[in-house]
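A.B. asks: Below are the structure tokens for one structure; questions will follow.
Values quoted throughout were computed directly from the atomic coordinates according to the rules given, and no laboratory measurement underlies them. Just so we're clear, the structure is a prediction, and the values are computed from it rather than from any experiment. Neighbour counts are summed over all protein chains in view; Cβ atoms, including those assigned to glycine, are modelled from backbone coordinates with ideal geometry.
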Amino acid sequence: MNLLETLAEQESRLLFRSFTNEDALALGLFLLDAAREAGLPVVVSVRRGRQRLFHAALPGTSADNDGWIDRKSRVVDRYGWSSFRVGESFRAAGKTFEEHSLLDPREYAAHGGVFPVLVKGVGMVGTVGVSGLPQAEDHAFVVAQLERFLATR
């Protein structure tokens, strides 16, 4: 399976049954605890629609990470795919997101770290993401924590 297929498979598999404000808080705290345990310098964000329901910044982050979360979340909102998958789809086509998406790179970033919150039978209802690590690591952390979180539900 190539990277794009793997990224698409993750999105088809990591589904919620429902997603409430309480779920968002629980998910955000779950990611925050995992990041603390691993000593990761990340910002954690969970949104439903465009409403930010959870946001936390661990030591070693800055306001730049908040900006990255916002830019990556806009990409997920626009395309309905993880920010990593969107960027990789452009790279696989021999293009760059910055030049070929026709979107302002000050507002949109197709770098790994933000994942769609997908509800079975409904579709995308929000986003969950981190910023602070290299993009593949940001993405892998979110996916691993979503897998663990959903296994407890």
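A.B. asks: For a protection proxy built on the mean count of beta-carbon atoms within 10 angstrom, sort 71-78, 118-125 highest first, please.
C.D. replies: Peptide ranking by packing, descending: 71-78, 118-125.
A.B. asks: Find the Rg to Rh ratio for segment 11-147, where Rh is the Kirkwood radius over alpha-carbon pairs and Rg uses the same atoms.
C.D. replies: 0.95
A.B. asks: So, one more: When the Karplus curve 6.51 cos²θ - 1.76 cosθ + 1.60 is applied with θ = phi - 60°, which whole-Hz ³J(HN,Hα) does each residue of segment 25-38 get, with x for Gly and Pro?
C.D. replies: Calculated HN-Hα couplings, in order: 5, 4, 5, x, 5, 4, 5, 4, 4, 5, 5, 4, 4, 8 Hz.
A.B. asks: Once label points are set 7 Å from the Cα along Cα→Cβ at both residue 50 and residue 78, what is their separation, rounded to one decimal in nm?
C.D. replies: 1.4
A.B. asks: A further question on this structure: Would you please name the chymotrypsin sites (Phe, Trp or Tyr not before Pro) within segment 86-153 that are DSSP coil residues with at most 13 other C-beta atoms within 10 Å of their C-beta?
C.D. replies: The qualifying sites: there are none.
A.B. asks: Okay, next question. Give the distance, in whole Å, between the Cα centre of segment 17-43 and the Cα centre of segment 105-153.
C.D. replies: 11
A.B. asks: Sequence gap at least 6, Cα distance under 8 Å: using those rules, report the relative contact order of segment 3-151 to the nearest whole percent.
C.D. replies: The normalised contact order for segment 3-151 reaches 29 percent.
A.B. asks: With only alpha-carbon atoms counted, please give the Rg and Dmax of segment 100-147, in Å.
C.D. replies: Rg then Dmax for segment 100-147, in Å: 12.4, 33.
A.B. asks: May I pose another question? How do 70, 23, 138, 64 line up, fewest other C-beta atoms within 10 Å first?
C.D. replies: Fewest-to-most ranking of 70, 23, 138, 64: 64, 70, 23, 138.
A.B. asks: What distance in nm lies between label points placed 7 Å from Cα along the C-beta direction at residue 1 and residue 92?
C.D. replies: 1.2
A.B. asks: Separate question: According to a simple spin-label model (label point 7 Å from Cα along Cα-to-Cβ), what is the distance in nm between residue 140 and residue 104?
C.D. replies: The modelled label-to-label distance comes out at 3.5 nm.
A.B. asks: Here is a further query. What residues of segment 117-133 lie in the reach of a label at residue 12, counting those whose backbone N is under 17 Å from a point 7 Å from the Cα along Cα→Cβ?
C.D. replies: Output list for this probe position: 118-124.
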